[in-house]
Amino acid sequence: MSTTTALWDDLLAGDELAHLASEPAREARTAPVPDSLEPAVRDALARRGIDELYAHQAESYAAARGGGNVIVTTGTASGKTLAFNLPVLDALAADRHARALYLYPTKALAQDQARSLGALGLAPVRAAIYDGDTPTERRRQIRGWANLVLTNPDMLHIGVLPRHDLWGDFLHNLRFVVVDEAHVYRGVFGSHVANVLRRLRRLARIYGAEPQFLLASATIANAGELAQALTGEEATVVEDDAAPRAERTIALWNPPLLDAELGLRASALGEASRLLAGLVDRGLRTICFAKSRKSAELIHRFAADRLDAATAARLAPYRAGYTPQQRREIERRLVEGELLGVTSTDALELGIDIGDLDCAISVGFPGTVASLRQQWGRAGRRGHGLAILIASEDALDQYFMREPPTLLERRVEAAILDHANPRVLDGHVAAAAFEAPIDEADAATLGPEALERAAHVPELRHTARGWVWAGKDAPAARVPLRSTSPDSFLVVDASTGDVLGLAEQERAYSTVHEGAVYLHLGRQYLVRELDLQARRAVVEPFDGNWYTQAKKETETSIEEAVRVERRLGLELSFGRVSVTEQVVAYQKKAVADGSTLDTVPLDLPPTTFDTEAVWFVPRPHQLEGLEAMPLLLSSLHAAEHSLIALLPLWAMCDRWDIGGLSTNLHLDTGAPTVFVYDGHAGGVGIAERGFDRFEGWVADTVRLLEGCPCEKGCPSCVQSPKCGNLNEFLDKGGALTLLTRMSNSG
Ligand SMILES: [Zn+2]
Ligand SMILES: [Zn+2]
């Protein structure tokens, strides 16, 4: 508990406070600037007032000097950037031929990094951004002049690797590849980026270079494993954070329960505005993160309503899409204390620095502990800080309110990806063959799976030189990095003509059907038309107060059980399944209370995709007393939903990445069966992680169901916002009985 009294103490009094914790202040542990550092770099540090390093910066410098790959996974604002910059700047200063490549997941982050590199004023460093916005006439100049190129995975994939002949000199001299924000590369995107990095390693080797990889990640449970999965090589893990830290108070805040039977709670947005207004009124600089722009705007408006006009004028919303100048202007106003409160969508949480704040409020769990920690990392850089999580009604949020150690102390959530998923890999095998013939020696960089898949990729021909590309155009352009299906739907904003994103074929019908409300970077859009022929969804900005939920019929068939084990008294399987879904209708639901406004039928064809699943068949004694229909189905269905809600505790993913099916009689097993499957074609490792951690996963789910105060099931336990059956046939008691019996058989 906090030993000091703070300005916010009275504000945090009340039943809404589910948990209060304190992280003590910590002194810096420092190390001298290494003697081996190039004088030019040492001088640049000195000019910025840096005459010693944090121990973890020195440690990563030493590990990189030793020639190995490194992943730094210390906390927010711990100086990770200097940790990977030092070895790079040192190498560039020592060798004018040396080259480095920096990868950022977004253009804005690359711009931030380019600016801070420029601010070092280090003459030997010639940094340039090379992305989709770089004018053609500049590109050639950059390739010849720059020794530090900042880009993104998409540009590397489509613009650089296929044209490696233009980059021969750069690749030949490539010493370092920096992968910042590495935890972002998980799931489908991560699986693709892992292949892009393997293609980069192979081409560098062809040009005679073996670059070292320097990665930086938010704190995650498996940093070493992530580095290995992303690059295909081992890396030294630097995780002992030596940066100083001010004391931080952490508050878990649960909006009051309005109706225990229905599990209905007061609005998280209202609570957020009350806390934001209270903190700002006390002169505390506060940032408030919400999931959507609409929520951020409502919090801003409600908070302003609670304050006098002069104080309300010191609140501002902060949006994605601001130019660097606009962002710097907001930052300046914050630093100078002109602004006190900022509301933002969590699209902005990534790395971007908007100054030192006192308090950070997260409205709803942002999906991963790493994201939450990044948001909280804003608070208390100057002195004692306050970080708050306001729970939504979502099951995982409510679980954290009742079981704070699972959020604050446990480190189980792991970033996972699977570069060898054939749905991902095949496109990169084609792209690699286009870049240079693939032979046995390439197994060392591309991985042995790539050679196995080569025989299955159409348009590859086996020749004396190896597998060569026999198609016409460059295949990389056909492989989007954020999807496992090459025939995804484009989502186009009719009001601007901009492409907002891609909807994977297997999910398009449930997420961008006509009439769907589609969320992108925190903004709402209404789908006007889904053109099946042109594979395009036309959307327009939407300001209504409803969201949509698709009703669909799902079937699974087991293709192959790859791992079968006796676990928790039953037969647990992991393997490949085929999932067929047909979206048949959708409901409009009120944002305010989730009530159904309308049900609209849809006429869409069924879609089928192959993926990975974990499934189990409960034993008869585990189902005793639950055998009657529909209780049996309702118990299995509720168990499936609550399991899906908690899988993100064990595998870093979103519940929208996971699908499920429960049935009282499955054709393949001949028995009642529950399936939890990876929602992306081919699977990216989420289901397998569930298989590996089944006991812990089920134990968490039992605690979720036991602890939820509702009587018969609610949105905080067994109901799911993405249920294809619109949350019909759910029995909380039956699910608890079954899962408890399973857990007790362990
Ligand atoms: Zn409940
Ligand atoms: Zn369901």
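Between the C-alpha center of region 629-687 and that of region 363-401 there is a gap of 27 Å. In percent, rounded to a whole number, the relative contact order of region 105-251 is 19, using alpha-carbon pairs under 8 Å and six or more apart. When only alpha carbons are used to place a centre, region 250-268 and region 555-590 end up 32 Å from one another. Apolar share of the accessible surface for the chain: 49 percent from carbon plus sulfur atoms, 1.4 Å probe. The trypsin sites (Lys or Arg not before Pro) found in region 21-56 that occupy coil by DSSP, while having at most 13 further C-beta atoms within 10 Å, are 48.
Keeping all protein chains in place, calculate the accessible area per residue for region 214-315 (probe 1.4 angstrom), answer in Å².
38
Note that region 420-482 presents 48 Å² accessible area per residue, ligands and nucleic acids not counted, probe 1.4 Å.
Note on residue 26 and residue 335: their simple-model spin labels are 2.6 nm apart, each label 7 Å out from Cα toward Cβ. Counting 0.36 nm for each residue step from residue 499 to residue 528 and taking away their Cα separation leaves a gain of 9.0 nm. For GluC sites (Glu not before Pro), the sites in region 196-294 that DSSP calls loop and that have at most 13 other Cβ atoms within 10 Å are 234, 261.
Taking each residue as 0.36 nm, the span from residue 228 to residue 535 lengthens on full extension beyond its C-alpha to C-alpha distance by 106.9 nm.
Based on the Cβ-Cβ distance of residue 282 and residue 482, what FRET efficiency does E = 1/(1 + (r/R0)^6) give at R0 = 56 Å, to the nearest 0.05? So the FRET efficiency works out to roughly 0.85. Here the label points at residue 628 and residue 119, each 7 Å from Cα along the C-beta direction, are separated by 6.9 nm in the simple model.
Among 106-114, 424-432, 537-545, the peptide with the highest mean count of other Cβ atoms within 10 Å heads the list, and the full ranking is 424-432, 106-114, 537-545. Restriction of the GluC sites (Glu not before Pro) in region 11-102 to DSSP coil positions whose beta-carbon has at most 14 other beta-carbons within 10 angstrom yields 27.
Based on the alpha-carbon gyration tensor of the chain and its eigenvalue square roots a ≥ b ≥ c, which shape applies: rounded if a/c is under 1.5, prolate if not and a/b is larger than b/c, or oblate? Each step should come with its number before you reach the end.
Numbers: a/c = 1.61, a/b = 1.14, b/c = 1.41.
Since a/c reaches 1.5 but b/c is at least a/b, the shape of the chain is classed as oblate.
Counted residue by residue at 0.36 nm each, then reduced by the alpha carbon distance between them, the extension gain from residue 141 to residue 126 reaches 4.2 nm. Isolated cysteines in the chain, defined as those with no second cysteine Cβ under 4.7 Å, comprise 288, 359, 653, 723.
Starting from the Cα gyration tensor of region 473-556, take the square roots of the eigenvalues, sort them a ≥ b ≥ c, and report rounded, prolate or oblate (rounded when a/c is under 1.5, otherwise prolate if a/b is larger than b/c, else oblate). Cα axes put region 473-556 in the oblate bin. Take region 624-746 with all the other protein chains still there, run a 1.4 Å probe, and you get 33 Å² of accessible area per residue.
Taking region 702-746 and a reference point 7 angstrom along Cα→Cβ of residue 619, the backbone N atoms nearer than 13 Å belong to 741-746.
Does region 448-500 classify as rounded, prolate or oblate by the C-alpha gyration tensor (a ≥ b ≥ c root eigenvalues; a/c under 1.5 gives rounded; else a/b over b/c gives prolate, otherwise oblate)? Before the final figure, lay out the partial values.
Numbers: a/c = 4.36, a/b = 2.61, b/c = 1.67.
Because a/c hits 1.5 or more and a/b exceeds b/c, region 448-500 counts as prolate.
The mean sequence distance of close C-alpha pairs (under 8 Å, at least 6 residues apart), as a share of the length of region 563-692, puts its relative contact order at 25 percent. Placing pseudo-labels 7 Å out from each Cα toward the beta carbon at residue 553 and residue 600 gives an inter-label distance of 2.2 nm. Summary value for the chain: 12 percent relative contact order, contacts being C-alpha pairs under 8 angstrom separated by 6+ residues.
Once the C-beta distance of residue 50 and residue 15 is scaled by a Förster radius of 56 Å, the resulting FRET efficiency is 0.75 to the nearest 0.05.
The values are calculated or read from the model by the stated rules, or taken from the named source; none is laboratory data. Being a predicted model, the structure only gives us computed values, none of them experimental. Glycine gets a Cβ as well: all are built from the backbone with ideal geometry, and neighbour counts include every protein chain shown. Accessible surface areas use protein heavy atoms only, side chains included; no ligands, DNA or RNA. Shrake-Rupley method; radii C 1.70, N 1.55, O 1.52, S 1.80 Å.
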